[in-house]
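Down below is the structure, laid out as structure tokens.
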Amino acid sequence: MKPKLHRKVLSNGMVVLFEKRALPTISVAFAVRHGSINESFSEKGISHFIEHLIYKGTPKRSSRQIAIEIERKGGELNGFTSETTTAFHCKMPSRHLKTALKVLGDIVKNPKFDAEDIEKERQVIFEEIKLYRDSPQHYVTQEIHRNLYKGHFRIPVIGTLKSMNSINREKLVKKFEEVYNPNNIILCVVGDADFKKVIKFAKKNFGKEKGKIRKKKVEKQNKSTTEKRKGIDQANLIFAYHVPGLNDKKSYASFVLNVLMAGGMSSRLFNEIREKRNLAYVVKGASDINRDFAYNSIYVGTKKENIEKIKKIILEEFEKVSEELDESELGQVKEQIIGNHQIAIEDSHIQMENLLIHEVNGNAKRAYEFEKNIRSVKLKDVKELAKIPLKKYSFFSLVPG
């Protein structure tokens, strides 16, 4: 039976999304349409900082009480900040939906922003920044963003040591009051629940306040850089290129091209780089496709002396695809993507995130058009997109120093 999305926009502008599932678990999220794409240089990392602090307590609940109310009922509590979204979510037995709504609703409405907690959490984020730097695979993924974009958007979601040091309580409270208003909030529930009760909760607990979110221009570029570092044994490289965003039908051809090139052990580059030539252990692709920005990337871990050889192989394979890709291989890749998607969204939590991403990028209803849009991808579009990295690409490598 095909799932049905219930979507309602309340009079205060808040969006409520619900997908019914006959399962004993429920996934719940409150998300705000604000991330690093909305931040200026001086406030880089503020969205992520607020995400951390919102779990530190409200006038009604301490941070420990928040955790106890969710976890002692079998739930899992977490959050994330991306370029476009900040979200607070939990997954728990469906009989405890009321608890999930109450606790998450309280923290997104009433964070204390205690001065002592702010300084403690600032130190935690400093350690998080160091953690990401110390993980070469994560670090190159972060650094390729700097080579794909100019200006404020090239700075990582987590911010920098400098920007994080400049964010005080006054800035945090001001940003929260600007952004965390009903017309910027999405409540998403996937699982066994009553939609009317979810709506009733949202109407009762969220007022009429409205705030504006400033949107900043994204400027693209293509740049290649190398960084040397002592203490590492492997070179980590990432090759990336801009593709059409979600407001363009060809964005689905971008998904197809990514999987064709580096989506698993059956992909062209895994076969060429690892299976045929034994040049690397990890070869994997990723797509980060949104309405306002979109790119595909390929990560490889290899020896320092193999970098240019691997870059050449990548470009050769794109050229082959642009000239030789046929309907048979295209059909196989489409089936792979659709199968992977169907398996993934069996998990209510993944489907919840999927609905949030589509809502932030336009309308959650588009999440249910994914399979149809993948099936409708044309051979000529994939071959045409494969020409993009032959002309322009970004590249970053972290090598032993």
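Treat every Asp and Glu Cβ in the chain as -1 and every Lys and Arg Cβ as +1, leave all other atoms uncharged, and give the resulting dipole magnitude about the Cα centre to the nearest 20 debye.
Taking the Cα centre of the chain as origin, the dipole is about 1220 debye.
Could you list S63, S82 in order of exposure, starting from the residue whose Cβ has the fewest other Cβ atoms within 10 Å?
S63, S82
Computed over the chain, the per-residue total of -39500 (n - 2.57) for DSSP H runs of n ≥ 4 gives a 222 nm mean residue ellipticity of -13000 deg cm²/dmol, rounded to 500. Please go through the residue pairs K8/K98; K56/K171; K216/K334 and name each one whose alpha carbons sit more than 29 Å apart in this structure. Violating the 29 Å Cα-Cα cut-off are K216/K334.
Magnitude of the charge dipole for region 271-391, about its Cα centre and with charges confined to Cβ atoms of Lys, Arg (+1) and Asp, Glu (-1), is about 400 debye. Taking the C-alpha atoms only, the angle from helix 115-134 to the longest principal axis of the chain is near 10 degrees. With each label modelled as a point 7 angstrom along the Cα→C-beta vector, the N165-N12 pair spans 4.0 nm. Model label sites at K391 and E305, defined 7 Å from Cα along the beta-carbon direction, differ in position by 3.7 nm. Charge tally around S267: other residues with Cβ under 12 Å, Lys/Arg +1 each, Asp/Glu -1 each, net -1. Between K249 and S42, what's the calculated FRET efficiency when r is the beta-carbon distance and R0 is 35 Å? Round to 0.05. The calculated FRET efficiency here is 0.40. Across region 229-256, the residues whose backbone nitrogen lies under 11 Å from the label position 7 Å along the beta-carbon direction of E369 are 247-249.
Can you give the net charge of the other residues whose Cβ lies under 14 Å from the Cβ of T85, counting K and R as +1 and D and E as -1?
-4
Each residue of region 394-399 was assigned a 3J(HN,Hα) from its phi angle through the Karplus expression (A = 6.51, B = -1.76, C = 1.60, θ = phi - 60°), giving 10, 8, 9, 9, 10, 10 Hz with x at Gly and Pro. Taking other residues whose beta carbon is less than 15 angstrom from the beta carbon of K309, and scoring Lys, Arg as +1 and Asp, Glu as -1, yields +2. Between the listed residues F396, L385, H89, the Cα displaced farthest toward the positive end of the dipole of the chain, a dipole computed from Cβ unit charges relative to the Cα centre, is found at H89. By the rule of a C-alpha distance below 16 Å, with chain neighbours fewer than 8 residues away ignored, the aspartates and glutamates paired with K196 are E19.
If R0 equals 30 Å, the separation of the Cβ atoms of E335 and F195 corresponds to a calculated FRET efficiency of about 0.35. log₁₀ I(q)/I(0) of the chain at q = 0.07 Å⁻¹, via Debye over equal Cα point scatterers, no solvent, to two decimals? Values returned for q = 0.07 Å⁻¹ are -0.36. Mean separation of Cα pairs under 8 Å and 6 or more residues apart, divided by the residue count, gives the chain a relative contact order of 21 percent.
Cross-link pairs exceeding 22 Å between alpha carbons, from the set K223/K320; K228/K320; K44/K250; K276/K312; K220/K387: K223/K320; K228/K320; K44/K250.
The aspartates and glutamates whose alpha-carbon is closer than 17 Å to the alpha-carbon of K112, local same-chain residues fewer than 8 away aside, are E51, E121, E170, E177, E178. Checking every one of the GluC sites (Glu not before Pro) in region 301-401 against DSSP loop status and a limit of 14 other Cβ atoms within 10 Å picks out E346. Spin-label model, E319 to K217: label points 7 Å out along the Cα-to-beta-carbon direction sit 3.6 nm apart.
Readers should treat all values here as calculations from the given coordinates under stated rules, not as data from a laboratory. Everything quoted here is computed from the prediction, not taken from an experiment. Quick reminder, even Gly has a Cβ in these numbers, built from the backbone with ideal geometry, and neighbours come from all protein chains shown.
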